[in-house]
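A short worksheet on the structure shown next.
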Amino acid sequence: MIHIEVVFSPAPRQIEMSTLALPLGSCVKDALLAAHLLGQAQHLSVGIWGRKATLAHVLQDRDRVEVYRGLIVDPKEARRVRYRAHGEKTTRGVKRPNKRPLSNSSG
């Protein structure tokens, strides 16, 4: 027998975790079936310890199967929106210019 964890976050700040004991030679699909997540996971990505995996990937003892849901907002775009909302970056309440001033080099 191998012992694994299956983790799924159906919504932000919500986590469903199952600890399973499966026969040696079980794959990701078997783990999702045992955790009753196969229907949801077929439309989402899966991974093991943060690395993308297929449903046919054979599991090892103490693996952590993670089910990833799609992103609602592109992280780069969210960062741009936050930057525009806050304006220029500040350091301890003092606004800094976006560009470094040119240095005066005397010969």
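The values are calculated or read from the model by the stated rules, or taken from the named source; none is laboratory data. If you're wondering where the values come from, they're calculated on a predicted model, not measured in any experiment. Positions of Cβ are backbone-derived with ideal geometry, glycine not excepted, and every protein chain shown enters the neighbour counts.
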Considering only strands (runs of 3 or more DSSP E) fully contained in segment 25-90, which possess at least 3 residues that are closer than 23 Å to Met1 by Cα and at pLDDT 80 or above? 45-48, 64-68
Residue count, segment 1-54, condition touching a strand residue (DSSP E or B) at 6+ places or on another chain (Cβ under 7 Å) and either of a type in the set (Asp, Glu) or free of Cβ contacts under 8 Å to residues at least 12 places away in the same chain (or both), comes to 5
Val73 aliphatic (A, V, I, L, M) and surrounded by 12 or more Cβ atoms within 10 Å (Cβ to Cβ): no
